[in-house]
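Worksheet: one structure, shown below.
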Amino acid sequence: MNFNSGVFLVFLPAVTAVYWLLPHGGRKYWLLAASYFFYMYANPALILLLLASTAVDYCCGRGIERFRGRRAAMRLLLLVSVCVNLGLLFTFKYFDFFAGTVNGLSAAAGLPCRVPELGLILPVGISFYTFQTMSYTIDVYRGDFPAEKDLVSFALYVTYFPQLVAGPIESPGSLLPQLKAEHRLNWEDLSAGARLLLCGFFRKCVAADFCGLYVNAVFSAPERANALAIFGAGGLFCIQMYCDFAGYSEIAAGSARMMGVRLMRNFDRPYLSQSYTEFFRRWHISLNRWFTSYVYIPLGGGRKGKARKILNILIVFTLCGLWHGARWTYVLWGLYAALWLCLESLLDVKSRFGPAWDCPLGRLTRRCVMMLIFVPAALLFRAESVEQLGVVFRQLFTGWGFGGAYLQAALDSLGLTTLSLVQLALCVVAMARLYDWGRYDLPAAKTEGQSAARLCSCVYLTAVVALCWLALLQTQDAAIFAYFQF
């Protein structure tokens, strides 16, 4: 079920209302049933994979707890969990990709061998729930979290609908106790949840989908776009990508908060970062924490010298690129990010240049430089193939010019008009307030200026709703969230 669909706008209030009407003992069963319905809405057959992952990790967790102290048995059960989850992920997401690659190399080399492609449908959210269930088993193995005895509570942890298909990837220690706790209906949770929902819908339905119109116009025929149009499309895709991903996370957090559950903030104003290292501490925080905790640190992190640290960064970001999708452009995106992180580590940018530039102008300069570095990364991420990527970068480096005709050609390639430029400017202005307005924590205590704050919120709400309406008129069909395909 898509968050920005009419069905969800009926589904969420109905689930929330019944949840609060039920006694505490019946709520987990209701949420589990609602979560299964949410996942089965588009393709009921895919629930079998979710059930398999749930059953395997529940049994492995209980087995690890039972054989605590018997290292060989614990490792075997952990291996079973990891192999089943990664096996499902590889089969459905990557098998055809690698089969096509092998077949292409074989054909180029004149070899007769061919790997049959399966043509499987990619299950929605499989990258997220497999990572979440693996984090549970690994934490139980490490002794960081006790094995969950209640199968229903564990199944709800795996399938909890607000964050099932696109995160954030919550640790068992953070989410499971909240799902088992008894929550009481209160205005603060409902108010905070409603604000987060509105912020998320604004980011997705207004900013992301609106920018996507002009990004798609360029990428539908990049060979006809000049360098300014390509660069503009990269900048607009930065906004689209952030608002799409962060918008989903805010809707997920708002949906959960309506029922008393607090999900983590998954994006923390990443475009205010002053380095690539800082950027990845603010961007898709739950995924980066997962790779840090379960891949980077076990590989040795930065504890075994500079060379090993660089190797570990390259491994992690290559895997991170592949996690986003079975496409070589995602791998190149991961390697591009790893390159800048390695350079920052080798040059020790923070200690060398940070103090000298620790002033408003210096911080602004670093943020601008970071964004200039990030635009090529956005183009890598958006390109649908290596061939299209080659066209995009050829135009980016060779298609520069001057004059009014050149500027008009860029605007024509993007499809931008005076009205759409005004709307984009209004979107950016409105986005500046979203972070504070859609806070994840409880509202502040009453103050003397509360009336004025409420008035400002009402004005802001009216502007947001108006922009949503205008954007929906132009975007027509509701586009799915980008992370649904991961």
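The values are calculated or read from the model by the stated rules, or taken from the named source; none is laboratory data. Only a predicted model underlies this, so the values are computations on that prediction, with no experimental measurement involved. Because the Cβ atoms are built from the backbone with ideal geometry, glycine has one as well, and the counts that use them run over all protein chains shown. Just so you know, the surface numbers come from the protein's heavy atoms only, side chains and all, with ligands and any DNA or RNA stripped out. Shrake-Rupley method; radii C 1.70, N 1.55, O 1.52, S 1.80 Å.
Cβ-Cβ distances below 8 Å connect no pair with a first residue in segment 336-363 that is closer than 24 Å to ALA378 by Cα and of a type in the set (Phe, Trp, Tyr), a second residue that is at pLDDT below 70 and not in a helix (DSSP H, G or I), and a separation of six or more residues or different chains. Which is surrounded by fewer than 20 Cβ atoms within 10 Å (Cβ to Cβ) and either more than 18 Å from the chain's Cα centre (by Cα) or over 29 Å from MET371 (Cα atoms) (or both), of ASN216, ASN226? On inspection, the qualifying residue turns out to be ASN216.
Only a single criterion out of (1) under 18 Å from VAL165 (Cβ atoms); (2) without any contact (Cβ under 8 Å) to a residue 60 or more places away in the chain; (3) open to solvent by less than 70 Å² (accessible area, probe 1.4 Å) is not satisfied by TYR41, namely (3).
Among the residues of segment 77-98, not a single one is in contact with a Lys or Arg (Cβ under 6 Å, 6 or more places away or on another chain), touching a residue at least 12 places away in the same chain (Cβ under 8 Å) and among the polar types (S, T, N, Q). Filtered by the rule that a residue be surrounded by 11 or more Cβ atoms within 10 Å (Cβ to Cβ) and β-branched (Val, Ile, Thr), segment 107-145 gives VAL115, VAL124, ILE126, THR130, THR133, THR137, ILE138, VAL140.
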